[in-house]
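Student: Structure provided below as structure tokens; questions to follow.
The values are calculated or read from the model by the stated rules, or taken from the named source; none is laboratory data. These figures come from a predicted structure and were not determined experimentally. Note: ideal-geometry Cβ built from the backbone for every residue, glycine included; neighbour counts use all protein chains shown.
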Amino acid sequence: MKTDYMETNNTEARPDSLGRLLNFATGAMNRMCQARLAEHDLLLAQWVILSALWTHDGLHVSELARYSGNNLPAASRIVDRMVDKGLVARSADAEDRRSVRVHLTEAGRAHEGLRDFRLEVNAALTSGMSDAERRMLFDLLGRVLENARRADGGRD
């Protein structure tokens with residue numbers, strides 16, 4: 001009996017594809033993070049912005065975009081939603097009134113207990129790996145990222 005390509009558990013039927021594996025792993029990780037952050041009424045994208053501001057409050061939206069890996073319009077929309085939720089506030093830059101800085105509010109600071117959330121995520125994702133394997137995984141994925149950026153003309 002022939003089964004649907006996507007329903008088969010036979011990994012031999014699927015060609016080796018780093019892109020597919022990374023895409024599936026990213027999706028599973030995002031779902032795991034969203035489930036864990038839901039109890040705090042946060043989205044993963046919002047946690048990333050908060051984590052940057054917990055370290056350096058008052059960043060420009062462009063800096064938050066670079067930190068989060070989002071383009072500027074996407075980062076701005078995330079910040080807009082966070083302003084609506086009372087997590088952050090925008091203010092004009094004292095040195096350049098055309099520029100906007102993003103600051104934590106008390107509600108944003110109240111989530112600072114999640115500062116090490118990435119460590120919990122890393123532990124879940126690398127469960128069963130030795131320290132050497134974890135370091136190798138980070139090294140290899142960093143090299144994959146560099147290669148992808150180089151192949152894309154250096155764009156982020």
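Student: Let me confirm something: among 125, 114, 137, which residue is among the hydrophobic types (A, V, I, L, M, F, W, C), surrounded by 12 or more Cβ atoms within 10 Å (Cβ to Cβ) and within 22 Å of residue 58 (Cβ to Cβ)? Spell out the reasoning first.
Tutor: Details: 125 fails: within 22 Å of residue 58 (Cβ to Cβ); 137 fails: within 22 Å of residue 58 (Cβ to Cβ).
One residue alone meets the criteria, 114.
Student: Taking the options 32, 82, name whichever one is touching a residue at least 40 places away in the same chain (Cβ under 8 Å) and part of a helix (DSSP H, G or I). It would help to see each step written out before you state the result.
Tutor: Details: 82 fails: touching a residue at least 40 places away in the same chain (Cβ under 8 Å).
Just one listed residue meets the conditions, 32.
Student: Which condition breaks for residue 53 when tested against (1) surrounded by 13 or more Cβ atoms within 10 Å (Cβ to Cβ); (2) on the phi > 0 side of the Ramachandran plot; (3) not aromatic (Phe, Trp, Tyr)?
Tutor: (2)
Residues are listed down the side, and each one gets a yes or a no for (1) within 17 Å of residue 87 (Cα to Cα); (2) touching a helix residue (DSSP H, G or I) at 6+ places or on another chain (Cβ under 8 Å); (3) surrounded by fewer than 17 Cβ atoms within 10 Å (Cβ to Cβ):
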{"position": "28", "(1), (2), (3)": "no, no, yes"}
{"position": "32", "(1), (2), (3)": "no, yes, yes"}
{"position": "35", "(1), (2), (3)": "no, no, yes"}
{"position": "39", "(1), (2), (3)": "yes, no, yes"}
{"position": "45", "(1), (2), (3)": "yes, yes, no"}
{"position": "59", "(1), (2), (3)": "yes, yes, no"}
{"position": "62", "(1), (2), (3)": "no, yes, yes"}
{"position": "73", "(1), (2), (3)": "no, no, yes"}
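Student: Somewhere in segment 124-131, is a residue part of a helix (DSSP H, G or I), closer than 22 Å to residue 25 by Cβ and in contact with a helix residue (DSSP H, G or I) (Cβ under 8 Å, 6 or more places away or on another chain)?
Tutor: Yes: one or more hits.
Student: Residue under question is residue 103, and the condition is that it be at pLDDT 95 or above, surrounded by fewer than 17 Cβ atoms within 10 Å (Cβ to Cβ) and in a loop (DSSP other than H, G, I, E, B); does it hold?
Tutor: It is false that residue 103 is at pLDDT 95 or above, surrounded by fewer than 17 Cβ atoms within 10 Å (Cβ to Cβ) and in a loop (DSSP other than H, G, I, E, B).
Student: For the condition small (Gly, Ala, Ser) and closer than 14 Å to residue 111 by Cα, what is the one hit in 38, 65?
Tutor: 38
Student: Among the residues in segment 78-95, are any surrounded by 13 or more Cβ atoms within 10 Å (Cβ to Cβ) and among the hydroxyl-bearing types (Ser, Thr, Tyr)?
Tutor: Taking every residue of segment 78-95 in turn, none turns out to be surrounded by 13 or more Cβ atoms within 10 Å (Cβ to Cβ) and among the hydroxyl-bearing types (Ser, Thr, Tyr).
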